[in-house]
1. Would you be able to tell me the number of residues in segment A:101-142 that are in contact (Cβ under 8 Å) with a residue 12 or more places away in the chain, assigned to a loop (DSSP other than H, G, I, E, B) and either among the aromatic types (Phe, Trp, Tyr) or on the phi > 0 side of the Ramachandran plot (or both)?
2. Quickly run through segment A:42-66 and pick out the residues that are part of a strand (DSSP E or B), more than 7 Å from chain B (Cβ to nearest Cβ) and modelled with pLDDT under 95.
3. Within 13 Å of B:Tyr2 (Cβ to Cβ), surrounded by fewer than 21 Cβ atoms within 10 Å (Cβ to Cβ) and either of a type outside the set (Asp, Glu) or over 17 Å from the mean Cα position of the chain (by Cα) (or both): is that true of A:Asn122 in this structure?
4. Condition first: modelled with pLDDT of 95 or more, at positive phi, surrounded by fewer than 21 Cβ atoms within 10 Å (Cβ to Cβ) and not small (Gly, Ala, Ser). Can you find one or more residues in segment B:163-180 that meet it?
5. Check whether at least one residue in segment A:177-199 is more than 7 Å from chain B (Cβ to nearest Cβ), free of Cβ contacts under 8 Å to residues at least 40 places away in the same chain and closer than 25 Å to A:Ile92 by Cβ, and report yes or no.
6. Looking only at residues that are free of Cβ contacts under 8 Å to residues at least 24 places away in the same chain and more than 8 Å from chain A (Cβ to nearest Cβ) in segment B:143-167, which one is nearest to B:Arg71 (Cα to Cα)?
7. Restricting the search to segment A:3-46, which residues are of a type in the set (A, V, I, L, M, F, W, C) and closer than 18 Å to A:Lys79 by Cβ?
8. How many residues, within segment B:80-94, are in contact with a strand residue (DSSP E or B) (Cβ under 9 Å, 6 or more places away or on another chain) and outside any strand (DSSP E or B)?
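The values are calculated or read from the model by the stated rules, or taken from the named source; none is laboratory data. Predicted, not measured: the structure shown is a model, and the values here were computed from it. Cβ placement follows ideal geometry from the backbone for every residue including glycine, while neighbour counts extend to all protein chains displayed.
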There are 2 protein chains.
Amino acid sequence: MYLSKNDIENLEFTFRINIINSITGIKPANLIGTISDKGITNLAIFSSVVHIGSNPALIGMFSRPMKKVKRNTFSNILKTQFYTINHVNENIYEGAHKTSIKYGKNISEFKECNFEEEYLNNFKAPFVRESNIKIGMKYVEHKDIKINNTVLIIGEVQNITLPDSAVSSTGYINLENSKSTGISGCNTYYAVKKIKDLSYIENELKKK
Amino acid sequence: MYLSKNDIENLEFTFRINIINSITGIKPANLIGTISDKGITNLAIFSSVVHIGSNPALIGMFSRPMKKVKRNTFSNILKTQFYTINHVNENIYEGAHKTSIKYGKNISEFKECNFEEEYLNNFKAPFVRESNIKIGMKYVEHKDIKINNTVLIIGEVQNITLPDSAVSSTGYINLENSKSTGISGCNTYYAVKKIKDLSYIENELKKK
């Protein structure tokens with residue numbers, strides 16, 4: 001199958017959304033936890049969480065177009081500065097998916113989707129108790145992407161909570177052991193299965 | 001295991017890089033193909049390719065800090081405007097990983113890592129013949145992320161080439177069928193295994 005730009009623009013609406021949302025490959029499934037200045041918690045699934053840097057430890061995520069609907073996650077982050085990233089594992093992906101339903105602004109997705117709020121070490125934003133790998137984040141800045149009215153939200157890692165058993169002696173997280181899931185498109189969930197650890201390229205360079 | 005911001009900053013250097021590169025969950029494995037204005041091709045593995053929007057069809061990716069080393073991919077994109085995104089499948093991940101080795105600027109990773117350049121429908125940038133799912137891209141803009149000197153490169157999809165068998169009647173790509181791989185950290189490759197298609201939330205909304 002070959003699709004030109006013109007073909008893509010003329011695809012049926014849903015088909016186009018599905019294929020373009022699938023085309024980048026596997027995406028990480030994460031739940032973003034926030035709390036409003038009025039104390040109402042919010043939980044939303046994001047498939048656009050992306051590593052930006054290790055020192056400082058920076059993570060990005062894209063928020064969808066702002067014009068049509070109120071985006072509670074971004075709004076809460078701007079007001080309170082703090083948010084959490086929680087891996088969606090194989091036991092909770094169905095509840096996680098339901099957080100995409102647009103509930104009223106006074107209703108918490110934690111309750112509606114059967115997740116328990118967890119406040120670890122006095123961190124201001126709620127973690128998801130049912131998640132195995134949890135990151136506390138602080139807002140750093142955002143970049144407006146005017147061409148389609150989206151926003152890249154950049155935050156710095158404040159803390160990490162995860163099972164000892166998921167981390168190797170060299171710092172690698174085994175995503176198969178943690179049962180962390182991936183998403184393709186908007187609705188399809190995947191398990192991950194480790195193929196192989198390859199060598200760190202910088203080491204190979206030193207050997208040359 | 002609980003790591004505070006202070007704990008993270010004091011982690012041994014490699015351990016910190018590994019855990020922070022793993023913490024966002026599974027990342028897609030893609031090869032970016034470019035060609036310089038002198039006609040020298042370049043191929044580089046990226047784990048930061050991210051969906052930004054479907055209409056227009058926009059894809060982003062982050063280029064690592066520019067100050068220490070010359071980044072041929074970004075430089076070629078700025079000069080020629082065109083590049084390709086090619087899924088790394090289970091048959092080619094070892095060669096794809098080797099593209100991270102710093103070869104001289106007159107040496108093409110296509111040749112060094114045993115990939116064949118493919119020019120489809122007169123597209124100016126080289127595709128990877130051995131890849132199953134290939135996207136032709138045109139540069140749109142980039143955003144400087146000054147806090148760690150990285151760059152978000154944004155491009156628009158110009159064309160898509162993929163096997164008919166990988167696409168459902170509603171436009172979803174089955175990443176297990178295409179054997180597309182994921183990466184955790186810098187060096188660990190994962191296969192993906194479909195768990196389930198869930199319903200499209202907008203449809204659920206309409207039912208309510």
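1. So the count comes out to 4.
2. Once the filter is applied, which keeps residues that are part of a strand (DSSP E or B), more than 7 Å from chain B (Cβ to nearest Cβ) and modelled with pLDDT under 95, segment A:42-66 yields only A:Ser63.
3. Criteria met by A:Asn122.
4. Scanning segment B:163-180, I find at least one residue that is modelled with pLDDT of 95 or more, at positive phi, surrounded by fewer than 21 Cβ atoms within 10 Å (Cβ to Cβ) and not small (Gly, Ala, Ser), so the answer is yes.
5. Yes, segment A:177-199 contains a residue that is more than 7 Å from chain B (Cβ to nearest Cβ), free of Cβ contacts under 8 Å to residues at least 40 places away in the same chain and closer than 25 Å to A:Ile92 by Cβ.
6. B:Asp144
7. A:Ile32, A:Ile35, A:Ile40, A:Leu43, A:Ala44
8. 7
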